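Below is one structure, written out as structure tokens, with a few remarks after it.
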Amino acid sequence: MGEKEQILLTIGTDGSIQAETKGIKGEKCLQSISALEDMLDAITVDSQYTQEFYESTTSQQMKLGNHDNT
């Protein structure tokens, strides 16, 4: 079973919101933050990628052959 996907929110006394994704890998983390911005009617003013951003969510397999399919 994979790691649980979470978005951790910290709300500052000034009303600012800090969000951090956990267990969300690759481009999916950006999609999650975008959805959060839509829900909160907010915009990102600063961001940093975590190591998880650079991790793949799926593996891809490719079969290679020559031009005459042999």
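Every number here is computed from the coordinates shown, using simple stated rules; none is lab data. This structure is a prediction, so every number in the text was calculated from the model and none was measured. Every residue, glycine as well, gets a Cβ built from its backbone with ideal geometry; the counts of neighbours run over all protein chains shown.
List the GluC sites (Glu not before Pro) within the range 4-54 that DSSP assigns to loop and that have no more than 12 neighbouring Cβ atoms inside 10 Å. Let's see the in-between values first.
Values: sites: E5, E20, E27, E37, E52; in loops: E5, E27.
Passing sites in the range 4-54 are E27.
Positive contributions from Lys and Arg (+1) and negative ones from Asp and Glu (-1), summed over other residues with Cβ under 13 Å from the Cβ of E52, come out at -1.
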